[in-house]
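The values are calculated or read from the model by the stated rules, or taken from the named source; none is laboratory data. A quick note: this is a predicted structure, and the numbers were derived from the prediction, not measured. For neighbour counting, all protein chains shown are included, and Cβ atoms are generated from backbone atoms with ideal geometry for every residue, glycine included. To get the accessible areas, we keep the full protein, side chains included, count just its heavy atoms, and leave off ligands, DNA and RNA. Shrake-Rupley method; radii C 1.70, N 1.55, O 1.52, S 1.80 Å.
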Amino acid sequence: MPKYYEDKEEDGRACGGVREDLRQCLLESPCVLQENKSPKQCLSEGHCRSLQMTFFACKRSMVSVCSVFSSARGL
C-alpha cells in the first residue's frame, strides 16, 4: 500500500509524496530485486504503472496551474 498518507520526511518538491512512493515501489519490485534490472528499466517495462500515472497526473496539474498564472499576467 502506498505510504503517501503516512508520516514521512517532507520532500519539498512538487508531488514529493507520490514520487517517493513510486521510487519505493520500483525498488521493492521483483524486477529490481530478482531480475537485477535498473528501476528505470522496470518503469519502462510497466512496473508500478498506477503510481507512475498518478505521478504524471500530479506533475501535469502543476504545469496547468503554472500556465494559468503566467497567462493571467499577460493580460
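Annotations for the structure displayed:
- Single condition residue 63 does not satisfy, out of (1) open to solvent by 50 Å² or more (accessible area, probe 1.4 Å); (2) at pLDDT 95 or above: (2)
- Taken over the range 44-58, the criterion of being of a type in the set (S, T, N, Q) and open to solvent by less than 90 Å² (accessible area, probe 1.4 Å) is satisfied by 50, 52, 54.
- Residue satisfying all of: in the range 1-36; touching a helix residue (DSSP H, G or I) at 6+ places or on another chain (Cβ under 7 Å) and aliphatic (A, V, I, L, M); modelled with the lowest pLDDT among these: 14
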